[in-house]
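Everything below concerns the one structure shown next.
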Amino acid sequence: MYQFFLNLPFGETMAEQTSISYYQTEFKFNGKELDNETGMYYYGARYYDPSLSIWMSVDPLAEQFPNFSPYNYTMNNPINMIDPDGRAAEGPDRYGPDPDKVKKKEKLIAAFKAIAEYIKKSDEKIAAQKAEAAKAEQERMAATPPWMDTARSQLGVKETKRNGGTKVDKYLKTTGLPTENPWCGAFVNWTLEQNDMETVPNAADHSTHKARAKSYRTLGVSLTKPAIGGAIATKSRKGGGHVGFVAGITSDGKIVLLGGNQNDSVNYTVYSKDILQFNYPNGYTPNYTLPVLTVSKTGTIKED
């Protein structure tokens with residue numbers, strides 16, 4: 001003799017019995033008392049109709065849940081929620097946090113923290129790499145600034161007439177002077193202009209004209225000693241002056257200038273350090289480590 005009960009989530013029961021005399025209890029699958037007279041379950045605050053899966057009276061807290069019917073059971077979600085006394089639906093954490101979920105949450109938080117720390121360290125590493133690259137670029141610029149590359153590209157340019165020629169006239173044109181003028185300052189001016197750099201002002205009376213060598217003593221910052229990488233060196237001489245870019249130093253301590261109008265051409269020429277004054281363009285860091293060079297009679301160089 002036995003009986004079989006099928007208990008459904010909303011409280012319905014289906015029973016099959018094999019004998020007239022069988023054990024019967026009023027408390028079913030949901031632990032609530034079944035009223036045999038009405039076929040409803042008694043939950044304390046309300047009666048529940050298992051055939052319709054609804055409460056038979058209005059939820060006293062219905063105003064707090066306007067999106068649900070006041071007769072609904074567990075917000076129509078009996079799989080994940082329960083209503084132990086007919087007053088309010090409760091979730092699966094009614095007895096406290098699920099330890100497994102807490103552990104999963106802690107692992108997730110730890111993972112996000114690890115990702116955030118990794119991103120932070122990556123950002124710091126990238127910032128350090130950028131700073132190192134900027135420093136290296138600054139050092140490279142100090143050793144070989146762009147205007148020196150421009151000046152070197154003109155090596156070998158020669159006059160085709162006294163203080164003139166196609167390329168020499170091109171240098172002079174940047175200063176406002178016509179052909180057949182001394183052009184060492186014009187070469188410096190042209191070189192700086194090619195790199196969008198500051199040049200000396202062009203005075204109307206030409207007394208401090210940008211083509212005049214000594215006018216470059218007002219450009220940028222004044223240095224107490226020569227710097228490699230394009231320091232502008234000026235010297236005084238009878239009838240005017242001379243200007244060029246510092247390229248290095250000889251073994252006996254003389255300065256090697258890369259300049260124009262040196263023996264009527266753009267070349268390397270040696271000068272005594274004592275007769276030169278040095279200036280450096282704004283925004284760049286001078287490098288005082290001068291390479292030791294040997295200058296040939298034809299104006300070419302070899303690094304010692």
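Results for (1) of a type outside the set (A, V, I, L, M, F, W, C); (2) at pLDDT 85 or above; (3) surrounded by 19 or more Cβ atoms within 10 Å (Cβ to Cβ), shown as yes or no for each residue.
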position	(1), (2), (3)
LYS125	yes, yes, no
ALA128	no, yes, no
ASN163	yes, no, no
TYR171	yes, yes, yes
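When region 228-244 is limited to residues that are buried (at least 23 other Cβ atoms within 10 Å of the Cβ) and either not assigned by TED's automatic domain parsing to the domain that holds LEU258 or not β-branched (Val, Ile, Thr) (or both), the one that is modelled with the highest pLDDT turns out to be GLY244.
Going through (1) modelled with pLDDT under 80; (2) surrounded by 13 or more Cβ atoms within 10 Å (Cβ to Cβ) one by one, TYR48 falls short only on (1).
Only one of the numbered conditions (1) at pLDDT 90 or above; (2) basic (Lys, Arg); (3) not in a helix (DSSP H, G or I) is violated by LYS225, and that is (1). When ASN261, ASN267, ASN282 are checked against the criterion of being part of a strand (DSSP E or B) and under 15 Å from ILE232 (Cβ atoms), ASN261 stands alone in meeting it.
Annotation for region 90-97: at least one member residue is outside any loop (DSSP other than H, G, I, E, B), modelled with pLDDT under 90 and touching a strand residue (DSSP E or B) at 6+ places or on another chain (Cβ under 9 Å).
The values are calculated or read from the model by the stated rules, or taken from the named source; none is laboratory data. Model, not experiment: these values are computed from the prediction. A quick note on method: Cβ atoms are made from the backbone with ideal geometry, for glycine too, and the neighbour counts reach across all protein chains shown.
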